[in-house]
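Novice: Submitted below is the structure of interest, expressed as structure tokens.
Each value in this text was obtained by applying a stated rule to the coordinates, not by laboratory testing. Source: prediction; values computed, not measured.
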Amino acid sequence: MKLKNPKILLLAAAASLTLAQTSNANTVSVAGWEAVDLGQSGETGQFTVSVVADGNDWLYTWTKTGDLDGLGNANDTLSFQLRSSAFEGSSFSEGDVTLGTAFDYSEGGTYTTPEYQHFGPVDDIDANQSFQLSIENINYTSGDAGDETAVFSGFSSINVFANPDGLQTFYFGTVGAQVLTPASSAVTFTTVDVLTVTSTAAAKRFRDVGFSFEVAVIPEPGTYALLAGCFGLSAVVMRRRRS
């Protein structure tokens with residue numbers, strides 16, 4: 001039987017192989033996390049969480065072992081660090097936020113460890129104050145001896161409380177900040193890699209942050225080579241047909 005279009009068959013084969021390499025992508029999520037949620041708890045999805053002062057910031061170390069890739073082996077391990085920073089004297093102009101002076105979490109007031117559940121200086125953010133959450137030092141080990149990686153998918157949710165004066169406006173981000181006026185405690189914002197929140201009013205409390213990681217197989221170099229070869233061969237076929 002004569003193949004009418006070998007290019008399509010080659011590309012389909014390469015695509016199928018690539019999909020097979022990445023089809024086991026699995027999401028590891030954290031929902032409703034508060035600044036004092038340490039140890040192991042349901043809110044952190046059975047992560048072990050500890051914290052130390054790092055300069056002006058709190059630096060939280062997270063570790064979880066289990067079936068994180070969804071392949072059935074319970075020996076996968078994900079670890080990362082979450083940095084919590086705060087600022088005073090922030091400002092907003094022409095769509096951008098300029099963060100103010102760093103607030104010293106470790107020595108502000110009488111604090112030596114995180115005592116409060118909210119983010120920001122002294123348990124909240126007042127007018128022209130900000131807090132910032134970021135992820136660093138991601139490490140993943142597969143219990144299946146596979147070539148896998150964990151990628152941070154971003155911060156996706158948070159709640160605001162103590163809003164007695166009605167609706168208030170907040171800035172989410174720095175350059176091209178999202179200007180939000182949430183109508184309820186759940187704040188809807190575009191998923192971001194670094195969560196920076198600045199307040200325009202007094203005594204606004206944020207907690208219950210949510211974020212996630214994507215665990216997936218890294219396609220082997222041979223897969224990419226095969227795909228590139230197929231595209232190259234298809235180009236030859238097309239040139240021959242045109243000649």
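Novice: Using modelled backbone amide H atoms (1.01 Å from N, in-plane), which distant-in-sequence or interchain residues come within less than 5 Å of GLY154's amide H?
Specialist: Those lying under 5 Å, H to H, from GLY154 are SER212.
Novice: Still on this model: Contour minus end-to-end for GLN178 and SER91, with contour as 0.36 nm per residue of separation and end-to-end as the Cα-Cα distance?
Specialist: Values: separation 87, 0.36 × 87 = 31.32 nm, distance 1.40 nm.
The span from GLN178 to SER91 would gain 29.9 nm if fully extended.
Novice: Measure out, as a whole number of angstrom, how far apart the alpha-carbon centroids of the stretch 48-114 and the stretch 165-198 sit.
Specialist: The distance from the Cα centre of the stretch 48-114 to that of the stretch 165-198 comes to 18 Å.
Novice: Please list 3J(HN,Hα) in residue order for the stretch 185-194, calculated via the Karplus relation 6.51 cos²θ - 1.76 cosθ + 1.60 where θ = phi - 60°; whole Hz, with x for glycine and proline.
Specialist: Using θ = phi - 60°, the values come out as 5, 7, 9, 9, 9, 5, 3, 9, 6, 10 Hz.
Novice: Could you give the spread of the C-alpha atoms of the stretch 47-116 along their three principal axes, from largest to smallest, in whole angstroms?
Specialist: Answer, in whole Å and largest first: 50, 36, 19 Å.
Novice: Enumerate the calculated ³J(HN,Hα) couplings along the stretch 149-158 in order (Karplus 6.51 cos²θ - 1.76 cosθ + 1.60, θ = phi - 60°), each rounded to whole Hz, writing x wherever the residue is Gly or Pro.
Specialist: Karplus values, whole Hz, x for Gly and Pro: 9, 10, 10, 5, 8, x, 7, 10, 7, 6.
Novice: Along the stretch 49-60, what does the Karplus equation 6.51 cos²θ - 1.76 cosθ + 1.60 (θ = phi - 60°) give for ³J(HN,Hα), rounded to whole Hz, x for Gly and Pro?
Specialist: The phi angles translate into 10, 10, 9, 9, 6, 9, x, 8, 9, 9, 10, 9 Hz.
Novice: If the convex hull of the alpha-carbon atoms of the stretch 88-159 is projected onto planes in all directions, what is the mean projected area in square nanometres?
Specialist: 7.9
Novice: Which cross-chain or sequence-distant (5 or more) residues have an amide H under 5 Å from the amide H of ALA127, H modelled 1.01 Å from N in plane?
Specialist: ALA201, ALA202, ALA203
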